[in-house]
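Here the structure comes first, spelled out in structure tokens, and everything after it is commentary.
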Protein chains: 2
Amino acid sequence: MSNMNDVAKEAGVSRGTVSNYLNNRPVRSDSKASIERAIAKLNYVRNTAARDLRASKSTFVVLIIPTVWTPFFAELTYWIQKNLEGQGYKMILCISNSEFDHEREYVTMAEEQRVAGIITISYSDLTQHVDAEMPLVAIEKEKTGLFPLVTSDNYAGGQLAAEAFRERDVTQYICLGFDLDSMGAMLSRQTGFTDFCNEQHLSNKVYELPSSKQGRDVLKRAMMATLQEIITDFSDQKIGIFAISDAYAKMALTLLQEMKIDVPNKVQIIGFDGGKSSQNALPELSSIRQPVELIAQTATDNLNQQIRGEGKRHPVSRDILPVSFTEGMTTVKTK
Amino acid sequence: MSNMNDVAKEAGVSRGTVSNYLNNRPVRSDSKASIERAIAKLNYVRNTAARDLRASKSTFVVLIIPTVWTPFFAELTYWIQKNLEGQGYKMILCISNSEFDHEREYVTMAEEQRVAGIITISYSDLTQHVDAEMPLVAIEKEKTGLFPLVTSDNYAGGQLAAEAFRERDVTQYICLGFDLDSMGAMLSRQTGFTDFCNEQHLSNKVYELPSSKQGRDVLKRAMMATLQEIITDFSDQKIGIFAISDAYAKMALTLLQEMKIDVPNKVQIIGFDGGKSSQNALPELSSIRQPVELIAQTATDNLNQQIRGEGKRHPVSRDILPVSFTEGMTTVKTK
DNA sequence: GTGAAAGCGCTAACAG
DNA sequence: CTGTTAGCGCTTTCAC
């Protein structure tokens, strides 16, 4: 593979001139012509790795994400990639499975590679292990306070769900879910929901389910038992189930349909997570939708500013983005 | 950020010795000790970008994929990432939306970055624009014959679906779908299905739907109309619908349920695509499952061999991987 | 074993 | 405008 020296020689000019040409700096038109000829002849393509080394900069950003299999993370990955690309970065995708050791290895890799920055979605205190000089933004959780955080307003989302149920004449409020992986966020959702219920004196109850890590069958069985309990205990009520994630919501819906329960007239369901891909799948769940695109944009913008040296630290930013309620087929229409 | 010179100076040895130490080459134990002290003191981390430039190699692989939002692509992305990581590569994720210009830009980027190799899932003839020296493997489609191809056996998948229906006493065979994006693969599925039916003298009919690019509502309406037509035309038959993708299958299922059609007793459905995440979502579709993990592994192994210079070109390999039928809730159980 | 020197491919500073 | 030079941070001979 030919390099700048070959081009310079072939064109009969010096390497510096070729460099100038490639970087759109003024070059006499005859040298320009011969350089172009040489490039075409030799099939030259510039080596950006060398360029970046020389400039001591990098155009890589590392994204560390638990998984890419769920709608929310898939969509988030998509938008982050698109934004970074728009800003001139290339994205190195690192899938952690939420394993701490794995996450740490990725951080090491990022530092060894001298990447421009890191975006993490980690539920452990990963950021403690990151050099303070490294531009980084955390999504969903960041406890150390050392790095900027972007998250959606999980608490408000819980409230919103409860409020939506109240407008739909629900008499028994249920919160369903639990997930160790992202405890903080999940807990906020739950608290938002129950706080609203309690403030408004609405009868509510929380049911915890096993972590999805224990396998689908365990979860499914537990969910089934829970639903049956709910149905019999509150047989004379209009039930509203707020599931802590769309995955739970969808599973609950399917099981209720198998049980021949009338959704949404007897039981209404609201999920949490969103992202268009879960929306696309029929039947459409009513759900609290996170502003995925906005999360991605906020995160990438912030990161870009850090890289550019425009600070954005001190005080470290905490962006809490608004969620919204999207009406699907699992809640009744309000007049 | 400190470099090897700083470490050498601090440790009172030469740069070469530090390099030897870092690469596990024999070093006298007292220099070793002082180097370690220096590294710790200066917080030194090696710069792999510089290392790779010097060695004229790269540890990056580019993955160009249409999207990451569907179960199949999400799972594929996951496994490719994991395999590449296991082989010591970092993966640059490029999401093309199946846009040709976009794909080409990614290829240029890859060549400028001097990446070790490229994995593409492209439905245009992208590979014509790739330097023949660049290690590359195509997934699903590669027409030029210049680069290795890994794909699942779409034709056999169609046959398999028809065969499954026959075992389940279906009397009217329907093939549902159409997608410009991945025409080749989709067509093979359809042909496999209809060929089997025709060979076995089974009454069959193909319905084409608008591309999903035209939006969900258009598709949904068309699907609804088609299903109604099918139901009335074949009201006295046991119908088997083979949908060309799980997305179509799921949509068909939902609509049929809305229409109060008995699935699977009146109408049975088999989808195509697979990947555990679509399996995870209840209700479970009966489906032709692609060996996603195997596709990923075959592709990454092949790429790795190319990079290592073990050829694997001439003749260029064509790996056609076996699909399988997975029983879900949308077909009747056989005795 | 270790130091000195050359060089991966490029950019930037500076004379001319 | 262009050639020369130095050097990004590392590895790799090759003497000693």
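The values are calculated or read from the model by the stated rules, or taken from the named source; none is laboratory data. Nothing here was measured: the structure is a model prediction, and the numbers come from that model. Don't worry about glycine lacking a Cβ; one is built from the backbone with ideal geometry, like all the others, and counts go over all protein chains shown. Please note that ligands, DNA and RNA were not included when accessible areas were found on the heavy atoms of the full protein model with its side chains. Shrake-Rupley method; radii C 1.70, N 1.55, O 1.52, S 1.80 Å.
Of the numbered criteria (1) within 13 Å of chain B (Cβ to nearest Cβ); (2) more than 16 Å from DNA strand D (Cβ to nearest atom); (3) among the aliphatic types (A, V, I, L, M), the one residue A:40 fails is (1).
For the range A:76-110, taking the residues that are more than 27 Å from residue B:66 (Cβ to Cβ) and open to solvent by 40 Å² or more (accessible area, probe 1.4 Å), the one that is farthest from the other protein chains (Cβ to nearest Cβ) is identified as A:100. In the range B:146-199, the qualifying residues are those that are of a type in the set (Phe, Trp, Tyr) and part of a loop (DSSP other than H, G, I, E, B), and the one that is farthest from residue B:299 (Cα to Cα) is B:178. Evaluated against (1) within 13 Å of another protein chain (Cβ to nearest Cβ); (2) within 26 Å of residue A:187 (Cβ to Cβ); (3) touching an Asp or Glu at 6+ places or on another chain (Cβ under 7 Å); (4) part of a loop (DSSP other than H, G, I, E, B), residue A:143 falls short on exactly one condition, (1).
The set of residues from the range A:111-128 being under 21 Å from residue B:77 (Cα atoms) and either in contact with a Phe, Trp or Tyr (Cβ under 9 Å, 6 or more places away or on another chain) or within 10 Å of chain B (Cβ to nearest Cβ) (or both) comprises A:118, A:120, A:121, A:122. Pick from the range A:10-44 the residues that are in contact (Cβ under 8 Å) with a residue 24 or more places away in the chain and either among the β-branched types (Val, Ile, Thr) or open to solvent by 70 Å² or more (accessible area, probe 1.4 Å) (or both): which of them is nearest to residue B:60 (Cα to Cα)? Among them, the one singled out is A:43. So, residue A:235, is that one in a helix (DSSP H, G or I), more than 14 Å from every other protein chain (Cβ to nearest Cβ) and modelled with pLDDT under 95 or not? Answer is no for this residue.
From B:48, B:17, B:59, B:67, which residue is modelled with pLDDT of 95 or more and either away from chain A (no Cβ under 14 Å) or more than 15 Å from DNA strand D (Cβ to nearest atom) (or both)? Going through B:48, B:17, B:59, B:67 in turn, just one is modelled with pLDDT of 95 or more and either away from chain A (no Cβ under 14 Å) or more than 15 Å from DNA strand D (Cβ to nearest atom) (or both): B:17. Just a yes or no: is a residue in the range B:206-217 of a type outside the set (Lys, Arg), more than 19 Å from residue B:251 (Cβ to Cβ), open to solvent by less than 60 Å² (accessible area, probe 1.4 Å) and touching a residue at least 12 places away in the same chain (Cβ under 8 Å)? Looking for residues that are of a type outside the set (Lys, Arg), more than 19 Å from residue B:251 (Cβ to Cβ), open to solvent by less than 60 Å² (accessible area, probe 1.4 Å) and touching a residue at least 12 places away in the same chain (Cβ under 8 Å), one finds none in the range B:206-217, hence no. Using the structure shown, decide if residue A:71 is under 18 Å from the mean Cα position of the chain (by Cα), more than 16 Å from DNA strand C (Cβ to nearest atom) and over 30 Å from residue B:88 (Cβ atoms). Yes: the conditions hold for residue A:71.
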